[in-house]
Amino acid sequence: MRFFFVSHSVFCLVLFIACPVLEAQETKATEMELEAESYEERGYPKKASLIREKLKRIRKENFQIKNPEPVYIPENKDKPATKNGNGTLEFWNGSFEVGFRFLRQNADFRSGKEWALDDDRVAFQAGTPYFPRSPMGYQNIRSLPYQVEWEETRKNSNHLAPRISYRHNSKKWGWEYSYMQFFTSRNYFSFGEIGGFQSGFQTDRFFSADHKLVVQVFEEYSHNKGFVWEFGFRVGSLRTNSSQNSQSLGQTGLFRDTIQYVAPSTGFKFVHQFFENTSYELGGDLFFTPVGNLKYRRDSFTSLGGMSRFSGERTSVEEVYSLFSEKRIDTSILGLNLMAQLNWTPFPHHKFHLGLQSIQYTWRANETDLPGLRAINPESYLAGVRDYYLSSAFYEADGGKDRPLRSYNIANLYVGYTYAF
């Protein structure tokens, strides 16, 4: 207690002596300011300038810290691609995230009428009941017996999907690019009794790719909740390659179609950080375009003595023809993408993801124009005309409004990793 009393007394004594000295010097400085202003008013600017220089020195001695701490300058301050030397990479006044997602995908296809017997008009126009249509492709009608069938479908697909995003230092806007692809296959075997024992095989290969580029607008709702608005484009394609063969019927066919589109996209996400290093995202996006395009080609070959695709008769000559779209067919594409994602950041710069995603593509082609037709002989040309008439019932190629929509849905369960610069 005694030591504390002595220290307190010394501090008060120093303060008692220092305050009057500082007050006297500040009084003198005020008098010098008035004197300088007087000289300026009387037209002596040089004399006033000299007085102001003395005034600066007095106030510098009164108020400047005697022993200032040195300003700390990090060693890596002048190195490129760093922000204030803290090791956070920065380009274009913002930060980047680069990563990938491992997608475990499962697909479901829907394509309207698949069997000739599903609709009376189709059954009547097609004239034969024994060919189902694959739900994957577009121009993929076949002539295969259907009394007994066996289908092997690989609807799952595993892919790595890259992603890169940028966020401005203002935390108000950024952009994101992501890529997703899907592949599936379908093998179809059938057996039947049509003028003797018959068998057939068809295989389908479907591939889709989707590029998404959007500008993001960030909006904070509270310290740990926020919204993200997305505006941009999707560029993608849907492609099918199919083939069918029946040695007993003497038939072979190749079917290819491709849909391409560029669609405006808009989306929304809700982000909630509920622990220090954990957050989740809920949201989705919608894209639509009426100006997608479809191109298809169907090549058919029936060997001499093989079974005609339109009746139980045997052919007297080989029939080889090709039906194809002479110009791109206008196609409307509607897509809906929904997602839920959990984010975990156990270490600085390293972020892990676990998520669910469902994306559905619905499309309709307006095939009002007649296809191109190439044939090896008159009999083949006639067979191609009959083939187009037969398929128009399945594909509603008359341009009517009752044309069924075709769609497929991809459900993803994915894990991901992102390095945050």
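The values are calculated or read from the model by the stated rules, or taken from the named source; none is laboratory data. Note that the structure is a prediction, hence the values are computed from the model and not measured. Positions of Cβ are generated from backbone atoms using ideal geometry, with glycine treated the same way; all protein chains shown enter the neighbour counts.
Worth a mention:
- Hey, T345 surrounded by fewer than 19 Cβ atoms within 10 Å (Cβ to Cβ), among the polar types (S, T, N, Q) and in a strand (DSSP E or B) or not: yes
- Scanning segment 334-362 for residues being of a type in the set (S, T, N, Q) and free of Cβ contacts under 8 Å to residues at least 12 places away in the same chain gives a total of 0.
- The set of residues in segment 387-421 that are under 30 Å from R374 (Cα atoms), modelled with pLDDT of 60 or more and not charged (D, E, K, R) comprises Y388, Y389, L390, S391, S392, A393, F394, Y395, P404, L405.
- S170 satisfies every condition listed in (1) modelled with pLDDT under 80; (2) surrounded by fewer than 19 Cβ atoms within 10 Å (Cβ to Cβ) except (1).
- Check on E220, assigned by TED's automatic domain parsing to the domain that holds G253, under 24 Å from T418 (Cα atoms) and at pLDDT below 90: yes
- Qualifying residue in segment 330-351 (condition: β-branched (V, I, T), closer than 20 Å to R163 by Cα and at pLDDT 85 or above): yes
- G292 being buried (at least 19 other Cβ atoms within 10 Å of the Cβ), free of Cβ contacts under 8 Å to residues at least 40 places away in the same chain, assigned to a strand (DSSP E or B) and under 21 Å from the mean Cα position of the chain (by Cα): no
- Residue under evaluation G253, criteria (1) in a strand (DSSP E or B); (2) touching a Gly at 6+ places or on another chain (Cβ under 9 Å); (3) farther than 30 Å from N343 by Cα, criterion not met: (2)
- Residues of segment 226-281 that turn out to be closer than 21 Å to F182 by Cβ and in contact with a His (Cβ under 9 Å, 6 or more places away or on another chain), as a count: 4
- Selection count where residues are farther than 15 Å from G283 by Cβ and in a strand (DSSP E or B), scope segment 190-245: 35
- Look at (1) crowded, with 16+ Cβ neighbours inside 10 Å; (2) of a type outside the set (A, V, I, L, M); (3) without any contact (Cβ under 8 Å) to a residue 12 or more places away in the chain and you find that F275 fails only one, number (1).
- Residues located in segment 257-290, provided they are modelled with pLDDT under 90 and aromatic (F, W, Y): F274, F275
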